Amino acid sequence: MHERSGSRLADTASSAHDPAPTNAGALPARFPFGRVVLRRVLPTVAAAGIGAAAIAGASDGTARAVSLRQDAAAVDFPTWGTRWVVHASADINSPSVGVINTSAPGQDRITVDYQVETGHTACEGTACSTFMAHITGPVTGFLTVVAVDIPQDRLPGIPVHSDGWPQPGGSRQDMLHRAATWLTANNGAQVPYSQTTVWKDGYRQDCSGYVSMALGLPAPGTNTVGLAANRTLTRPISLGELKPGDLLIDAAGDHDNRHVVIFEKWNNPAHSSYTAYEQRGGHGTDHRTLTYGLPGGDTEFTPYRPVKFGD
């Protein structure tokens, strides 16, 4: 069980980062000339095997070296400007999970383990990118590559994740497929349970964050009460109506008692147990036999049908 809603930090910026302070003149130049010219050069440089340094444009448009500290898992990059928003998912419209460079331009270096091609362009001045970097420090979340102090529109030497991400889909099988991805998403192991952290895809690692991911709802996910009460998301059904992808929800009590699981199939003609996907405390993602909501089981659970299925 163990459920609570995730907190959201306000993010009202209309550009890729928070509005600059009044001493905006202190911000470093964004090297628009270097970015336009050198973005075509960097793929060749990377292919030549230069992994510990990148080329960046100086304010006069010339090239300079940027030192990158690299280890087996991630690479550090410099940033520029102030108050860049770090997001919960690879979408600049997703909730904020923090801010970098809060007091001085470029004060924070970021540690990046992968980047995502979002298909949506973010710009600040003349600098634009469709990539979001997944950073693990100083804040964990997603940051537009525009914030990185390099001239190209993607990070050199950093893997691009364009496949395997949960994407909104309309079918029950799509939902179950997404639910199954968390069983092995942690380097072959299940995603660990947490009420306070989000996984690489931006969703909370608790039961309702997991179900929100499977349903393709906005990250970091709604809470258990919302899944049960919001009629634009679900409607109550009977036990006999359960189909793959339906939910069984206990929305009563506090965050230590509420829970939601994803129904997959009945285990026998008597309907005395079923197989379900769930994200549970002390274990993480699981796919197992349950009796929640059944006679002799935990009767606090009520079946619900996601309205997106249209039946």
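Annotation: Cα Rg of segment 74-115 relative to the compact-globule expectation 2.2 N^0.38 Å equals 1.17.
Distance between the C-alpha centres of segment 97-167 and segment 267-288: 37 Å, rounded to the whole angstrom. The trypsin sites (Lys or Arg not before Pro) of segment 229-303 meeting both criteria, a DSSP state outside H, G, I, E and B (loop) and at most 16 other C-beta atoms within 10 angstrom of the site's C-beta, are Arg231.
Simple spin-label estimate for His283 and Thr184 gives 1.9 nm between the two label positions (7 Å along the Cα-to-Cβ direction from each Cα). For trypsin sites (Lys or Arg not before Pro), the sites in segment 69-123 that DSSP calls loop and that have at most 12 other Cβ atoms within 10 Å are Arg69. Packing, taken as the mean count of other beta carbons within 10 Å per residue, orders the peptides 216-228, 126-138, 233-245 from highest to lowest as 216-228, 126-138, 233-245.
Each reported figure results from applying straightforward, stated rules to the coordinates on display, with no laboratory input. Note that this is a predicted model, so its numbers are computed, not measured. Methodologically, a virtual Cβ is constructed for each residue, glycine included, from the backbone with ideal geometry; neighbour enumeration extends over all protein chains shown.
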